[in-house]
């Protein structure tokens, strides 16, 4: 019985997708027009062109959804019409090929928008507040730096982007977004009861790693882990600041080494920073450096999906840049 009703259900599903795309597009039309007006009001030709590129990409996203709905309905209509198996298969193959070509064009347009966004929005926002030595969207910190931080006990696959080298008020630092994954094999049983093996990838960390120069009083390594991080509790040291103990735990060879660095103002600064940044945070003090890991995802990426406007994305980037400033002003300067 389900098989008999499946073609009708599939056709209705295709129509529903198409109708939903049209309704959603109509609702966001005014929002996009308003965004373009805001870009023109800025007086920046680059922002206007970037906004037009974003709107084009989002329009093609809508068209792609419409196309899926139309082609799904068309292929099942052909199958139900009695045109024959061969004709139905040809319809499916041609539709799939058309969707793949459309997707390739859409992906290329998204890449153009992303590249332009990082040059005309991210770079300019960074340069407005920092003395930028280098901003390389397609580069990342060397993996050896991640190992040196000792904040991540293991990973199998390392990647990242948005490398930044800059200074603020004489404080120099480097940072990038990083992605650490574990690769492992697992077995599963299919619907027929057969056992198979597959490779799965689990994200261990996705966020930002920043490295600051720091002339520490103690040469002994000191680690500050967020309570959610999985690290051995051996050597954990309690501080006198209860609000800090609730959010973090300290690992060091001994309490004397830890408190030479983690003075009351530093402890208060770390708590304040975590509250202002609004994401899990861990730190390590070693090699006359501070390594700070923020679990805030891929922070500087642009979006050409949905109906998010350029103005909304510019505000988000300003907030991300403010995150960098907060790291410096709230933590680094509290010696």
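Here, each number is a calculation from the coordinates, and none is a lab measurement. Small disclaimer: the values here were computed from a predicted structure and weren't measured. Every residue, glycine as well, gets a Cβ built from its backbone with ideal geometry; the counts of neighbours run over all protein chains shown.
Relative to the longest principal axis of the Cα atoms of the chain, the long axis of helix 310-326 makes an angle of roughly 20 degrees.
What is the range 131-332's relative contact order, in percent, from Cα pairs under 8 angstrom and six or more apart in sequence? Please report the intermediate quantities before stating the final value.
Details: 365 pairs, mean separation 38.9, N = 202.
Here the relative contact order equals 19 percent.
Want the number for residue 256 to residue 187: 0.36 nm per residue separation, take away the alpha-carbon distance, what's left? Display every interim value, and only then the final one.
Numbers: separation 69, 0.36 × 69 = 24.84 nm, distance 4.82 nm.
Roughly 20.0 nm would be gained on extension.
Working from label points 7 Å from Cα in the Cα-to-Cβ sense, the residue 41 to residue 94 distance is 4.9 nm. When the expected Rg is taken as 2.2 N^0.38 Å, what fraction or multiple of it is the alpha-carbon Rg of the range 144-268? The range 144-268 yields a ratio of 1.40.
Report note on the peptides 284-290, 249-255: ranked by the mean count of other C-beta atoms within 10 Å, highest first, their order is 284-290, 249-255. For the range 95-207, the C-alpha radius of gyration divided by 2.2 N^0.38 Å, with N the number of residues, is 1.52. Only helical runs count toward this figure. For the chain, summing -39,500 (n - 2.57) over DSSP H runs of n ≥ 4 and dividing by all residues gives -17000 deg cm²/dmol at 222 nm. For the chain, the longest principal axis of the alpha carbon atoms and the long axis of helix 85-117 meet at an angle near 30°. Shown here: the chain, whose C-alpha atoms stretch 83, 63, 33 Å along the first, second and third principal axes, sorted largest to smallest.
What the Cα convex hull of the range 70-136 gives, in volume per residue, is 79 Å³. Using Cα atoms only, what is the angle between the long axis of helix 45-80 and the major principal axis of the chain, expressed in degrees (0 to 90) to the nearest 10? Around 40 degrees separate the two axes.
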